[in-house]
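Asks: Submitted below is the structure of interest, expressed as structure tokens.
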Amino acid sequence: MRTTAPKDVVKLLSGSLVAKVFGIGAVMLFARVLPKDQMAIFPAYLMLAGLSTLFVTFGIYAAFVREVPSLLRTDEARARSLVMTGSGVILAGTLIPCVAAWWWSDAIAAFVFKNAAQGWVIRIMVPGFLAYVVSKTADQIMWGRAQFGATSILQILESIVRPVATVALWFWLGYRGIVFGLVIAQFVMAAVAFWCVRDMFLGPLPALYPLRKLFSESMPYYIGNYLSYLRGDGDSILVSFLGPAALAEYYIAKTLFTNMALVWAAVDRVAAERLARFALTESFADKVRALHVRICQMMIPFDLLAIAVAPGALVVLAGARYSNATWPAIILLVAMLVQFISIPYDRAVYVSLSGMIRLKFTILEAVVVVVSAAILVPLAGVTGVAAARIIAPLGVCIFGAWIMRRHLGLVLPLRPMLLALATAAPGAALALVLVPTAHGVASALSAMTLASLIWVSSTVVLAWFLDRPMLLALGAEVFPRYRAAVSSWGVLRG
């Protein structure tokens, strides 16, 4: 990977994690003041908005990510043609599920909230679904254009606008205000997202992109839309069968996973865009291996640290009332660990092989997700839904390794992954076993501090014996930055 790749990851993350304070603050407030059946409004909105991009978008988003990076360098007019034609098809296709949601709003409310009288909630949401599609479309275009700085700004804005709007309108209108706040925030995000890609739409109209070519290129990725949805908010559909209280608990459990997904999405997006640049070059295999090693060294320990502090973090987030969400949250973070590991396998296949091979890849993953969830949910409820999320990315790694070896002659080494797990996993396990259960915010913060100390101590000791060169290299990179930061702070204070 090019040396600018880490900088682009930082662009996507910069500020967004800080801005998440607004969202976390809103969750902390609503988790303590709303009954669980009303708390379910948040996962319900995300789940239903995501459905609007599935049925008739025909996999066109994948065409934006795969084709736009190269077209911008070879034929900008054709890139605009692809973007405008594809966006028009997506927007037209979105009208169908939106009209259906309005028409059957009472039935949808009966399924999600177990109360058909809340059909008014669905009807208020419908305009927000259209705005969500505009935001999603612009987001995929920015991905293809490598506008990672703009994407970071949008993430920061969304992390502020949505919680501020929902909290402010809740104080004014009560529960109804939360629904209006979600929709208003979505329209703000749609407007800003369109502004970031306006140059692709404004100006002289380009020639219509050949529809037959568009559909032939994008349809193999259509099933991938459903898989992406299952990876995101689609699991909430399964939880909905258990009732709104379970949906609220799963939403709380998934909050840590969602915040970790910011990091995953940043790494994944930069990886896909960078590998797409080298897909047809001799250096492609080296780029994939370098990506694999870097993810193992950095992302596996980071995720395991999050697992170590997860029990205390959940108490800080939602209080003891959501204690049942602790183990689902830990399991979801394990699923995120596997998702990090699967990035090189998934994206190498995505950018370098034909759509039909990718279709087989996504069909297998989709089948694994659905079957594992169908088996585990009746047995373990919310915990079963979380556990099902581990199996699919694990299948990606195994099947992806086989495809890469067969079609690319590329084998990724296991040693970096095994070393990272051997050094960082024991500390996480020790923290989960040794740190006492917290019941209040103060005790939860103390528990998180103790868990962090246990994890760091264990990981450093094991790394010294198992992977000393990596530990020394990390220290050589971190300590100069630390000294520079301390010196700068001293100058500012002086």
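Asks: Give the cross-link partners of K36 among the aspartates and glutamates, using a straight C-alpha distance below 14 Å as the criterion and excluding same-chain residues fewer than 8 apart.
Replies: Cα-Cα hits under 14 Å: E249.
Asks: If a paramagnetic tag sat 7 Å from the Cα of L421 along the Cα-Cβ line, which residues of the stretch 301-320 would have the backbone N under 14 Å from that point?
Replies: Flagged as within label range: 301, 304.
Asks: Take each complete run of DSSP H in the chain, measure how far its Cα atoms stretch along the helix's own axis, and keep only those covering 30 Å or more with mean Kyte-Doolittle hydropathy at least 1.0; list them.
Replies: Within the chain the helices that satisfy the rule are 148-173, 175-196, 284-318, 326-352, 355-380, 382-403, 441-466.
Asks: In addition: Sequence-distant or interchain residues sharing an amide H contact under 5 Å with Y209, placed H: which?
Replies: Excluding prolines and chain starts, which carry no amide H, the hits are T85.
Asks: Another question, if that's okay. Evaluate the distance, in nm, between pseudo-label points positioned 7 Å from the Cα of R321 and of V456 along their respective Cα→Cβ axes.
Replies: Calculated label separation equals 3.4 nm.
Asks: Once you order the gyration tensor axes a ≥ b ≥ c over the Cα atoms, which shape class does the stretch 349-469 get: rounded for a/c under 1.5, otherwise prolate or oblate by comparing a/b with b/c?
Replies: It comes out oblate by the Cα gyration axes.
Asks: Using the Cα gyration tensor of the stretch 243-494, with a ≥ b ≥ c the square roots of its eigenvalues, what is the shape: rounded (a/c below 1.5), prolate (a/b larger than b/c) or oblate (neither)?
Replies: Judged from the Cα gyration tensor, the stretch 243-494 comes out oblate (a/c at least 1.5, b/c at or above a/b).
Asks: Would you mind checking the pairs K136/K213; K213/K287; K114/K254 and listing those with alpha carbons more than 27 angstrom apart?
Replies: In this structure, K213/K287 lie more than 27 Å apart at Cα.
Asks: Give the calculated FRET efficiency between A442 and I357 to the nearest 0.05, with a Förster radius of 45 Å applied to their Cβ-Cβ distance.
Replies: Taking R0 as 45 Å, the efficiency between A442 and I357 is 0.25.
Asks: Let me ask something else about it. With the Cα gyration tensor of the chain giving a ≥ b ≥ c as the square roots of its eigenvalues, does the rule (a/c under 1.5 for rounded; else a/b larger than b/c for prolate; else oblate) give rounded, prolate or oblate?
Replies: Note, shape of the chain comes out rounded.
Asks: How much FRET efficiency would the formula 1/(1 + (r/R0)^6) give for I375 and S216, where r is the Cβ-Cβ distance and R0 is 30 Å, rounded to 0.05?
Replies: Computed FRET efficiency for I375 and S216 comes out at 0.25.
Asks: Additional query: What's the center-to-center distance, using Cα atoms, between the stretch 432-456 and the stretch 129-147 in Å?
Replies: 39
Asks: Using a Förster distance of 22 Å, how high is the FRET efficiency between L208 and L54, based on the Cβ-Cβ distance and rounded to 0.05?
Replies: The formula returns an efficiency of 0.35 here.
Asks: Sticking with this one: Once you have the Cα-Cα distance between D199 and A117, take 0.36 nm times their residue separation minus that, and quote the gain in nm to one decimal.
Replies: Stretched fully, the D199-A117 segment lengthens by 25.1 nm.
Asks: How many angstrom lie between the C-alpha centres of the stretch 329-348 and the stretch 172-192?
Replies: Going from one Cα centre to the other spans 32 Å.
Here, each number is a calculation from the coordinates, and none is a lab measurement. The structure displayed is predicted, hence computed values, not measured ones. Here Cβ is always computed from backbone atoms with ideal geometry, including for glycine, and neighbour counts include all displayed protein chains.
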